[in-house]
Amino acid sequence: MAYPDFWNPKHETLPREELQQLQFLKLRRLCEWAYATTPFHKRKFDEAGFHPEQLKTLDDIRRIPFMTREDWMASLQEKPLFGDTLATDPVNAIRYHLTSGTSGRTPIRVLDGTKDWDWISEMWCYGLWGFGIRPEDSVYFAFGYGSFIGFWGAHYACEKIGALVVPGGAQTTEARIKQIVELGVTTVASTPTYALHLWQKAREMGIDLATQSKVNKVILSGEPAGSIPAVKRQLEEAWGAQCGDTAGMTEIGTIMIFECSHHSGGTHIIEDHFIEEVLDATTSEPVGYEELGERVVTSFGRGFIPLIRYRTRDMVMKVPASTCSCGRTWDLYSGGIRGRWDDMKLIRGTNVYPSAVEAIIREYAAIDEFQIYFWRKDNIQDEIDIKLEIKPGLENSWSDLQIKLAKDLAQAHEGLRFNVVRMDHGSLPRFELKARRLVDARPIAQY
Ligand SMILES: [Zn+2]
């Protein structure tokens, strides 16, 4: 059956001038509404001497004070359980979620209402449809359906599209693999880490997912790795399927970027529902196209907790819409979410970004699992070990790999030494949801 290419043909191809006009009108209305309904925003706006009437053009967004995770946490602690960020009475909520709390951070408690959920699934529809999900598809969710929001929105989006949903739920990896093959699902939704794990497990069970399953699309979310070219190549080969990256946040409840079926190496920003600013992480000044910066998000759809100029610490690089050939007028993030500014490690005077290290490691097909391990030698010198496991059958490649990987890593880091260490197969931890392949074993607060 012939379907349109876009979920929302009008908005996805809106000339940028009109798009920005739409963003401006929505921004002004959002700020007026948040000021009138949400004590948190009224307080923040008043403190900053900002009033929604000051918004005359889209550039005036810079007058609005930032909202930070720390502000939000402080509000939660002062007024448990949900702080003063809610725009309406908690009795109107229909769902509770928690942020995933990676890097040892306290999770944030979030409430959503009926309108939120309608919008949350609509945002996923943009992404899933854009990647090629159609009513004929059956979509397997390799997802635990817990308090972490993860793929909840994608589940409802599939129902809205008319695709068949298969909730993977709390099962063993083996049971999930059997279902994927038996039911002949066409699509699997998973984190990149778990998609690799499913494939490794299937291989152990003697199942080749590329030939023995009907899966032709894998929807990735939850980790930056979905846009790392080497990870994507590996997954596409393993599954014999196209892999599409998406990214969202529990704070906004849904995705704000997605990769379309044209695979331009970037993820489109859903610009009719979000303003995504990219700012210098230190000076907070806007940076241009093709420059790395921190993404700051304003969401027009969040009904329960207005999210205005929220600092994400996500590292991104914006490129113009014309980078992709699909015809959307929405700008993209080249390489999706590239990591977090918080994650940067200073090792013997050199900046090390774990996501960049991962991208290099992933270029080696013989590596099965790895860990980036920071430690301190003799209490003085910082060291980085790359602990890795070699795929069964490829053990002979170890000695060459050890030398070449250490060289590649050093070259990308001003000559910094990386110790490449081989581990027994199966000795490193495997992850289902969000990978924690970074271990910083150095003593804390040394400065
Ligand atoms: Zn595109």
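The values are calculated or read from the model by the stated rules, or taken from the named source; none is laboratory data. Keep in mind that this is a model prediction, so the values were computed, not measured. Here the Cβ is made from the backbone with ideal geometry for all residues, glycine too, and neighbour counts use every protein chain on show. Side chains are part of the model used for accessible areas, which takes the heavy atoms of the whole protein and leaves out ligands, DNA and RNA. Shrake-Rupley method; radii C 1.70, N 1.55, O 1.52, S 1.80 Å.
Screening the candidates 169, 240, 265, 222 for the property of being open to solvent by 10 Å² or more (accessible area, probe 1.4 Å), modelled with pLDDT of 95 or more and on the phi > 0 side of the Ramachandran plot yields one hit, 240. Would the stretch 109-116 turn up any residue that is in a helix (DSSP H, G or I), crowded, with 18+ Cβ neighbours inside 10 Å and not hydrophobic (A, V, I, L, M, F, W, C)? Checking the stretch 109-116: at least one residue is in a helix (DSSP H, G or I), crowded, with 18+ Cβ neighbours inside 10 Å and not hydrophobic (A, V, I, L, M, F, W, C).
Of the residues making up the stretch 363-396, those that are open to solvent by 40 Å² or more (accessible area, probe 1.4 Å) and over 18 Å from residue 345 (Cα atoms) number 8. Pairs meeting the criteria (first residue in the stretch 254-280 and under 20 Å from residue 302 (Cβ atoms) and outside any strand (DSSP E or B), second residue within 13 Å of the ligand (Cβ to nearest atom) and of a type in the set (D, E, K, R), beta carbons under 7 Å, at least 6 apart or on different chains) are 271/331. Whether a residue is buried (at least 23 other Cβ atoms within 10 Å of the Cβ) and within 16 Å of the ligand (Cβ to nearest atom) was assessed, and residue 247 passes this test. Given the options 145, 140, 156, name the one that is modelled with pLDDT of 95 or more and out of contact with any Lys or Arg (no Cβ under 9 Å at 6 or more places or on another chain). On inspection, the qualifying residue turns out to be 156.
Applying the set (1) within 16 Å of the ligand (Cβ to nearest atom); (2) surrounded by fewer than 21 Cβ atoms within 10 Å (Cβ to Cβ); (3) not in a helix (DSSP H, G or I) to residue 294 leaves exactly one unmet item: (1).
Conditions tested, residue by residue: (1) open to solvent by less than 10 Å² (accessible area, probe 1.4 Å); (2) out of contact with any strand residue (DSSP E or B) (no Cβ under 7 Å at 6 or more places or on another chain); (3) without any contact (Cβ under 8 Å) to a residue 24 or more places away in the chain.
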{"site": "282", "(1), (2), (3)": "no, yes, yes"}
{"site": "312", "(1), (2), (3)": "yes, no, no"}
{"site": "320", "(1), (2), (3)": "no, yes, no"}
{"site": "323", "(1), (2), (3)": "no, no, no"}
{"site": "339", "(1), (2), (3)": "yes, no, no"}
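When restricted to residues that are of a type in the set (Gly, Ala, Ser) and within 16 Å of the ligand (Cβ to nearest atom), the stretch 103-134 contains 3. A count restricted to the stretch 316-353 and to residues that are within 14 Å of the ligand (Cβ to nearest atom) and over 23 Å from residue 69 (Cβ atoms) stands at 15.
Checking each residue in the stretch 250-277 for being within 11 Å of the ligand (Cβ to nearest atom) and of a type outside the set (Val, Ile, Thr) picks out 258, 259, 260, 261, 262, 263, 264, 265, 266, 268. Would you confirm, using the coordinates I've provided, whether residue 369 is assigned to a strand (DSSP E or B) and touching an Asp or Glu at 6+ places or on another chain (Cβ under 9 Å)? It is true that residue 369 is assigned to a strand (DSSP E or B) and touching an Asp or Glu at 6+ places or on another chain (Cβ under 9 Å). Here residue 222 meets the list (1) farther than 30 Å from residue 1 by Cα; (2) assigned to a helix (DSSP H, G or I) almost entirely, failing just condition (2).
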